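The values are calculated or read from the model by the stated rules, or taken from the named source; none is laboratory data. It should be emphasised that the depicted structure is a prediction, and the values quoted were computed from it without experimental measurement. Here the Cβ is made from the backbone with ideal geometry for all residues, glycine too, and neighbour counts use every protein chain on show.
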Amino acid sequence: MDTRPITSERLSQSVIAVPPLARSAQLQVDPVANKAMIQFLEQGGITTLLYGGNAVFYHIALREYAETLQMLADLSGEETLVIPSVGPTFGTMLDQADILKRFEFPTAMVLPQVEVATPEGRATGARKFAEAYGKPIVLYIKHDHYMDVSLVKSLMSDGVVSAIKYAIVRDDPADDPYLRSLVDTVGPELIVSGIGEQPAITHMKQFGLAGFTSGCVCVAPSLSMNMLAACRQGDWNQAEEIRERFTGLEDLRNAIHPIRVLHEAVSAAGICQSGPLTPLLSSLEPTELEAVSEAAQKLLTLETSSE
C-alpha cells in the first residue's frame, strides 16, 4: 500500500476508483471478492482506491472497522493508495480515529453529515477529527450550503485538508458559482471532481480540477484511465468520445440509485460477487437488475475491446 502524503500529482495520475465493498451472504466483509475487485482495478491501471459511499462506509459497524481496514491494507498493491472513510456522525468519527491511528493510511475521507449539522459545525468536526487522527482529511463537499468557502480556506490554510472531493450535482456543471469561488479561493490543485465521468471533463477543462473519482471505473478501468489521460493532454474531443461509452450505466445510476446500481453492476459484469447490500439499503427490483446487467456487460465489452 502506498502511504506517501497526498499531492496534486498523486491525485491526477490515476482515476480515483470508488468501489463497492463486497460482503458474504451473512453480511461479513468478503476478502476473496474484494481481492478480485482490487486486482481488476489495479490490472486496469488504477492506483487510487477510495472506500466511501459506494462501499457503504456510512453504515459500517465499528466492531468490523479495524478488520476491514486491515483487509484493504493487505489486499492492495505496493503502489496503490487506499483512502478509507469515517463518519458521518461525530462520535463515530472520533471512535474511528482511534482505530485508524493503528494503520498507515495517509488520509481518510470524512463522509458528509447533512442532518443535525451546520456549516460551522462541520468545519469544527472535521478539524477535531483531524486533530484526533493526527493526519489531514479528505473533505467531501456533496451538498449546497455544506460549508462556506471561507471555512474551507481556513481548514486548508491550517493543514487540516489533504484533498477535496467535490460532488455537488448541477444541471449544467459549467455553471457552478460555488465551485468557481472555491477554485479561486483555494486553487484547483487538490480538488477532484467527485461525480464520475459525466461532469469530469467540464470540471477539469473549465475549472482545472486535478482529476476525478469514478464508480463505473470498477467495470471499465482502462477506459476510464484513457479518459483521464485524454483530459490531461487537453484532447477534449477524445475524452468526450470515451465518456459517452459510460452513459448507459451512469444513466441507470442516476435514475435508480448510484450505490445500489454499482453494487449489482460489478457482479453482473463478473468482476466479483459483491453480495447483499447492508441495511438500510435494499436490492434492485428484477426489471432494474435486468437493465443494470445489460448495461454493465455492454460496458465491460467496450472495456475489453479497448485493451
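If you go through the range 134-157 one residue at a time, do you hit one that is touching a Ser or Thr at 6+ places or on another chain (Cβ under 8 Å), surrounded by fewer than 19 Cβ atoms within 10 Å (Cβ to Cβ), of a type in the set (Val, Ile, Thr) and on the phi < 0 side of the Ramachandran plot?
Yes, some residue in the range 134-157 is touching a Ser or Thr at 6+ places or on another chain (Cβ under 8 Å), surrounded by fewer than 19 Cβ atoms within 10 Å (Cβ to Cβ), of a type in the set (Val, Ile, Thr) and on the phi < 0 side of the Ramachandran plot.
Of everything in the range 267-307, what is of a type in the set (Gly, Ala, Ser) and in contact with a His (Cβ under 6 Å, 6 or more places away or on another chain)? Give them in sequence order.
Filtering the range 267-307 for residues of a type in the set (Gly, Ala, Ser) gives 267-270, 274-275, 282-283, 291, 293, 295-296, 305-306.
Answer for the range 267-307, where residues must be of a type in the set (Gly, Ala, Ser) and in contact with a His (Cβ under 6 Å, 6 or more places away or on another chain): just SER274.
So which residues in the range 132-175 are touching a residue at least 12 places away in the same chain (Cβ under 8 Å), polar (S, T, N, Q) and closer than 21 Å to ARG10 by Cα?
Result: SER162, single match.
On the given criteria, is SER282 part of a helix (DSSP H, G or I), within 26 Å of ASN34 (Cα to Cα) and not aliphatic (A, V, I, L, M)? Show your work before the answer.
Working: part of a helix (DSSP H, G or I): no; within 26 Å of ASN34 (Cα to Cα): yes; not aliphatic (A, V, I, L, M): yes.
Answer is no for this residue.
Take the residues in the range 170-186 that are of a type in the set (D, E, K, R) and in a loop (DSSP other than H, G, I, E, B); name whichever of them is surrounded by the most Cβ atoms within 10 Å (Cβ to Cβ). Write out each step before concluding.
Step one: of the range 170-186, the residues of a type in the set (D, E, K, R) are 170-172, 175-176, 180, 184.
From the residues that got through so far, the ones that are in a loop (DSSP other than H, G, I, E, B) too are 170-172, 175-176.
Working: ARG170: 15, ASP171: 5, ASP172: 8, ASP175: 11, ASP176: 19.
Step by step, filter the range 170-186, then rank; the result is ASP176.
Taking into account only those residues within the range 9-45 that are within 16 Å of THR213 (Cβ to Cβ) and among the small types (Gly, Ala, Ser), which is surrounded by the most Cβ atoms within 10 Å (Cβ to Cβ)?
ALA17
Tally time: how many residues in the range 205-231 are over 16 Å from GLN13 (Cβ atoms), touching a residue at least 40 places away in the same chain (Cβ under 8 Å) and either assigned to a loop (DSSP other than H, G, I, E, B) or of a type in the set (D, E, K, R) (or both)?
3
Which one of the conditions (1) part of a helix (DSSP H, G or I); (2) in contact with a helix residue (DSSP H, G or I) (Cβ under 6 Å, 6 or more places away or on another chain); (3) closer than 26 Å to ALA174 by Cα does ILE259 fail to meet, given that it meets all the rest?
Unmet condition: (2).
Going through the range 243-262 one residue at a time, which ones are more than 21 Å from LEU277 (Cα to Cα) and touching a residue at least 24 places away in the same chain (Cβ under 8 Å)? I'd like the intermediate steps shown before the answer.
Filtering the range 243-262 down to residues more than 21 Å from LEU277 (Cα to Cα) leaves 243-248.
Passing the criteria: ARG243, ARG245, PHE246, THR247, GLY248.
Among (1) over 25 Å from GLY121 (Cα atoms); (2) under 19 Å from the mean Cα position of the chain (by Cα); (3) of a type in the set (Gly, Ala, Ser); (4) not in a helix (DSSP H, G or I), where does GLY234 come up short?
Against the list (1) over 25 Å from GLY121 (Cα atoms); (2) under 19 Å from the mean Cα position of the chain (by Cα); (3) of a type in the set (Gly, Ala, Ser); (4) not in a helix (DSSP H, G or I), GLY234 comes up short only on (2).
Kindly establish whether ALA163 is small (Gly, Ala, Ser), surrounded by fewer than 23 Cβ atoms within 10 Å (Cβ to Cβ) and either in contact with a helix residue (DSSP H, G or I) (Cβ under 6 Å, 6 or more places away or on another chain) or in a strand (DSSP E or B) (or both).
Values: small (Gly, Ala, Ser): yes; surrounded by fewer than 23 Cβ atoms within 10 Å (Cβ to Cβ): no; either in contact with a helix residue (DSSP H, G or I) (Cβ under 6 Å, 6 or more places away or on another chain) or in a strand (DSSP E or B) (or both): yes.
So ALA163 fails the test.
List every residue pair whose Cβ atoms sit under 9 Å apart, with the two residues 6 or more apart in sequence or on different chains, where the first one lies in the range 286-307 and is loosely packed, with under 15 Cβ neighbours inside 10 Å and hydroxyl-bearing (Ser, Thr, Tyr) and the second, anywhere, is at pLDDT 95 or above and assigned to a helix (DSSP H, G or I).
THR304/SER222; SER306/SER222; SER306/LEU223; SER306/ASN226; SER306/ILE242; SER306/ARG245
Can you tell me which residue among MET156, MET109, MET204 is touching a Cys at 6+ places or on another chain (Cβ under 7 Å) and of a type outside the set (Asp, Glu)? Don't jump to the end; show me each part of the working.
Values: MET156 fails: touching a Cys at 6+ places or on another chain (Cβ under 7 Å); MET109 fails: touching a Cys at 6+ places or on another chain (Cβ under 7 Å).
Testing whether each residue is touching a Cys at 6+ places or on another chain (Cβ under 7 Å) and of a type outside the set (Asp, Glu) leaves just MET204.
Which residue is surrounded by the fewest Cβ atoms within 10 Å (Cβ to Cβ), if the candidates are limited to the range 194-246 and must be among the hydroxyl-bearing types (Ser, Thr, Tyr) and within 25 Å of ALA22 (Cβ to Cβ)?
Going through the range 194-246, the residues among the hydroxyl-bearing types (Ser, Thr, Tyr) turn out to be 202, 213-214, 222, 224.
Of the ones still in play, those that are also within 25 Å of ALA22 (Cβ to Cβ) are 213-214, 222, 224.
Details: THR213: 26, SER214: 33, SER222: 17, SER224: 32.
Selected residue: SER222.
Tell me which of these ASP251 doesn't satisfy, since it passes every other one: (1) in a helix (DSSP H, G or I); (2) under 18 Å from ALA55 (Cα atoms); (3) not hydrophobic (A, V, I, L, M, F, W, C).
(2) is the only condition that ASP251 fails.
Confirm whether LEU62 is of a type in the set (A, V, I, L, M, F, W, C), touching a residue at least 60 places away in the same chain (Cβ under 8 Å) and either crowded, with 21+ Cβ neighbours inside 10 Å or farther than 22 Å from THR3 by Cα (or both). Spell out the reasoning first.
Working: of a type in the set (A, V, I, L, M, F, W, C): yes; touching a residue at least 60 places away in the same chain (Cβ under 8 Å): no; either crowded, with 21+ Cβ neighbours inside 10 Å or farther than 22 Å from THR3 by Cα (or both): yes.
In short, no.
For ASN54, are the conditions met, namely being closer than 24 Å to ALA167 by Cα, in contact (Cβ under 8 Å) with a residue 60 or more places away in the chain and polar (S, T, N, Q)? Spell out the reasoning first.
Values: closer than 24 Å to ALA167 by Cα: yes; in contact (Cβ under 8 Å) with a residue 60 or more places away in the chain: yes; polar (S, T, N, Q): yes.
So ASN54 fits the description; yes.
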